Amino acid sequence: MEADEAITFPRELDVDESNHAKFDDLAKSNFFNKKDAPMKEVFIYAMTLGYRNKIRVTLRKRKGSIPSATFKGDEPWLIKSIATAEQKELETLLDIKTIVNIAEEYANGGITLLYDLVFGTSPGDAYKKLDAHAREVANQNQPYEKSAAKSKITQLSYFLDLTESETLEFKSSLRWDYKQSNLNRAMEIIIAKSLVAFLNTKGGTLIIGVDDKKQILGLEKDFSALKKQDEDGFELKLTDIINTYVGKQYRTYVHVKFEKIDSKTICIVTIDKSSTPAYLSSEGKTEFYIRAGNSSQPLNVKETTEYITDHWK
């Protein structure tokens, strides 16, 4: 397992607004500003210090997003191993949201320590201390990295051990109707409805290619009905469904991954909670859905208004 492939962040990483000035000052300092991605370097060192000193601070108001693509090499593994060590469960490797949240909270917890270290000592001393701290944390958590590399745990196998819930749903296909044994575009609206419900609630995971009894069906029937009959074509069609029935602005909340099991391709769709209400628009109608238990439920106008007022305070 290559380090760069070990983790895919669902979003950019944030800092708390109250600490943003310190992050910014450090990124502009002589200590960091010659690096390719100084804000990312500040985040990594702050996170390491926060973890080493067990200072974890919840973000109250997010600001200063750090592009996830800047984390490369061993850095994603360091982030992942810290979260796994914190949770003391190897299954944490599959919970990317928790991994990111823990990293952000430790970075915000360690930022003051980093600030005092950089601006309160000579650069040479600070470099030595930070490198020593980083090596210490990496060595401490190395067993988790080795376990992850050897583990046969996959995201799909983990979800197959669960039942449908407020944050998990299984769908047989994207467009293929197994009951009628033909292409049925009405299936696209069913997928869009589920996406809207997840967006409007807590986010969640939609597994496509597995029915609600956990029978592995695969995406091959869907592939056969696409112009480009592969994973790339499938993702393009999913993007088109989101753009058509939900809105282009919501595509950034949806993250797509493919896995194979028994030679069949399965799509794992991770949906983040939306920062704004999402609606399903089809055939001239606009509907609002949320997840309630293990299903997507529509709300009427009164219920929608009350829900939006309470949910997006």
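Throughout, read-outs are computed from the coordinates displayed, never taken from laboratory work. Please read all numbers here as calculations on a predicted model, not as lab measurements. Positions of Cβ are generated from backbone atoms using ideal geometry, with glycine treated the same way; all protein chains shown enter the neighbour counts.
For the range 32-96, trypsin sites (Lys or Arg not before Pro) are listed when DSSP marks them as loop and at most 14 other Cβ atoms sit within 10 Å of their Cβ; the list is 34, 35, 54, 60, 61, 72, 88. By the Stokes-Einstein formula, at 1.306 mPa s and 10 °C, the range 158-311 with its Kirkwood radius over alpha-carbon pairs has D equal to 101 µm²/s.
Ordering 263, 65 from the fewest to the most neighbouring beta carbons within 10 Å gives 263, 65. Computed from the C-beta positions of residue 212 and residue 34, the FRET efficiency with R₀ = 41 Å rounds to 0.15. Taking chymotrypsin sites (Phe, Trp or Tyr not before Pro) across the range 239-313, the ones in a DSSP loop with at most 12 further Cβ atoms lying within 10 angstrom of their Cβ are 312. Computing FRET efficiency as 1/(1 + (r/R0)^6) for residue 178 and residue 273, where r is the C-beta to C-beta distance and R0 is 35 Å, gives about 0.70. Between residue 112 and residue 97, residue separation times 0.36 nm minus the direct Cα-Cα distance comes to 2.9 nm.
Below 11 angstrom from the Cβ of residue 160, what's the summed charge of the other residues (Lys, Arg +1; Asp, Glu -1)? Don't skip to the end; give the middle numbers.
On the way: positive: 214; negative: 161, 259.
Every neighbour counted, the sum reads -1.
Summing charges over all other residues whose Cβ lies under 11 Å from the Cβ of residue 294, with Lys and Arg as +1 and Asp and Glu as -1, gives -3.
Take residue 240 and residue 69, extend 7 Å from each Cα along the Cα→Cβ direction, and tell me the distance between the two endpoints in nm. Label at residue 240, label at residue 69, 2.5 nm between them.
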